Amino acid sequence: MGSSWSGEAERQPLLAPGAGPGPGAARRSREAAAAAALAPGPGRVYARRWLVLLLFSLLAFAQGLVWNTWGPIQNSARQAYDFSSWDIALLVLWGPIGFLPCFAFMWLMDKRGLRITVLLTSFLMVLGTGLRCIPLSDLMLKRRLIHAGQLFNGLAGPTVMNAAPFLSTTWFSADERATATAIASMLSYLGGACAFLVGPLIVPAPNGTAPLLAAESSRAHIEGRIDTVLYTEFGAVCLIFAATLAYFPPRPPFPPSVAAASQRLSYRRSFCRLLSNVRFLMIALAYAIPLGVFAGWSGVLDLILTPVHVSQVDAGWIGFWSIVGGCVVGIAMARFADFIRGMLKLILLLLFSGATLSSTWFTLTCLNSITYLPLNTVTLYASCILLGVFLNSSVPIFFELFVETVYPVPEGITCGVVTFLSNMFMGVLLFFLTFYHTELSWFNWCLPGSCLLGLLLILCFRESYDRLYLDVVVSV
């Protein structure tokens with residue numbers, strides 16, 4: 001990442017391997033600090049970093065919005081396009097399928113930088129949303145184009161999900177990194193949340209859950225409303241692509257921190273380091289399994305809540321507030337982590353304890369015939385929103401902990417591996433859902449089980465802050 005900012009001699013690590021407490025450590029630290037003070041780059045930030053963060057966040061928001069277009073309006077889509085349960089699940093499944101070439105995007109980010117990767121990602125989104133808007137009377141061909149469009153949008157997922165720590169390290173100082181990571185990563189989830197709101201409010205439901213609109217819920221009317229959503233999303237993606245093409249620099253003139261300017265491992269050595277690091281694999285599974293299960297569960301939330309007589313609009317509001325709450329708390333937690341460093345594990349323990357209790361509450365509530373817990377809109381809202389708050393807000397904390405644990409592995413490669421694992425778990429669950437969609441109680445039990453497993457893995461994890469140590473030792 002920082003390899004093109006300086007000459008060959010300056011690209012050597014400012015701290016020698018293993019430089020730590022011991023004889024001569026203080027002298028090496030003073031020498032490194034003096035060298036850092038003479039260098040013009042490390043420690044310098046630019047106001048334009050917020051514009052770069054805004055453009056990337058808008059791209060992530062749009063990708064999440066497009067990915068979750070069909071889940072909240074699955075009943076309307078069935079009537080408009082004759083979608084089956086397999087179609088609905090597959091439309092969500094294109095997201096994790098799009099992560100199959102994840103390692104190619106990681107290589108591109110590592111070798112060519114952020115601008116080229118972001119431009120390719122936004123172009124794929126333009127292509128995907130454009131295919132969905134082609135007017136056709138043949139429903140079979142229309143469905144195929146919609147599926148193809150969702151696949152292209154899924155291919156944009158690796159960048160918007162993985163590049164947040166890369167962007168924060170490239171543009172932001174050490175005391176702003178977690179906050180920037182949170183904003184860039186949470187906006188994708190916020191886009192998915194807005195789909196819960198926009199879809200049901202614009203597209204009428206074909207059943208009796210919206211009696212005021214029942215008279216006009218014909219196939220042609222529903223299809224016209226869905227087209228409105230698709231054209232709007234296409235226009236927004238085109239505007240973001242144009243803005244990114246006009247201005248999205250690959251990096252600032254000088255790096256903002258010592259860690260940003262330090263030498264990183266090669267692509268091949270990075271994978272060897274990740275796969276041989278037991279601590280990393282432990283915390284990666286703690287992230288991938290619960291977040292993968294929750295993402296798959298959220299994508300078909302309307303389908304899960306239909307058997308308990310929750311309307312499409314109510315399911316949309318539940319999904320919306322659960323993710324919005326997670327985004328707000330996630331950014332607040334990241335800001336707290338920037339102020340009080342070295343507390344990432346404790347924050348994750350608190351969040352996953354709450355997620356385990358909330359998911360257990362929701363699952364037992366859905367089994368009210370056995371548990372006799374009250375099943376109403378209030379309990380469903382409360383349990384789902386709390387679950388979304390606890391799990392979604394853990395994402396930026398996890399990302400920062402990943403990078404700290406395996407530094408100097410590049411951020412894009414580190415986060416790419418864990419998000420690939422998360423999407424793999426989500427894809428497996430959605431695949432089973434297509435065959436067992438008539439009985440969803442097993443899916444609800446996956447939530448508390450995965451959260452409890454993640455909590456235990458975090459509890460056994462031994463944290464370290466290698467990147468933070470480099471910045472503090474050299475900069476102070």
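Points worth noting:
- Qualifying residue in the stretch 276-285 (condition: part of a helix (DSSP H, G or I), touching a Ser or Thr at 6+ places or on another chain (Cβ under 7 Å) and among the small types (Gly, Ala, Ser)): no
- The stretch 140-187, subset open to solvent by 10 Å² or more (accessible area, probe 1.4 Å) and closer than 11 Å to Gln63 by Cα, residue nearest to the chain's Cα centre (by Cα): Met161
- Flag if Ala286 is at pLDDT 90 or above, over 25 Å from Ile73 (Cβ atoms) and out of contact with any His (no Cβ under 7 Å at 6 or more places or on another chain): yes
- Answer from Gly454, Gly412 - the residue that is at pLDDT below 85, open to solvent by less than 10 Å² (accessible area, probe 1.4 Å) and touching a Phe, Trp or Tyr at 6+ places or on another chain (Cβ under 6 Å): Gly412
- Counting the residues of the stretch 354-374 that are modelled with pLDDT under 90, farther than 13 Å from Trp445 by Cα and in contact with a Leu (Cβ under 8 Å, 6 or more places away or on another chain) gives 3.
- Filtering the stretch 329-345 to residues that are free of Cβ contacts under 8 Å to residues at least 60 places away in the same chain and under 17 Å from Ile458 (Cβ atoms) leaves only Met343.
- Residue in the stretch 236-246 that is modelled with pLDDT of 85 or more, assigned to a loop (DSSP other than H, G, I, E, B) and of a type in the set (Phe, Trp, Tyr) present: no
- Each residue in the stretch 219-259 was checked for being in contact with a Pro (Cβ under 9 Å, 6 or more places away or on another chain) and closer than 29 Å to Gly199 by Cβ, and 5 pass.
The values are calculated or read from the model by the stated rules, or taken from the named source; none is laboratory data. Worth saying up front: this structure is predicted, and the values here are computed from it rather than measured. Note that we place each Cβ from the backbone using ideal geometry, even for glycine, and neighbour counts take in every protein chain shown. Ligands, DNA and RNA are stripped out before the accessible areas are found, and what is left, the full protein with its side chains, is counted by its heavy atoms. Shrake-Rupley method; radii C 1.70, N 1.55, O 1.52, S 1.80 Å.
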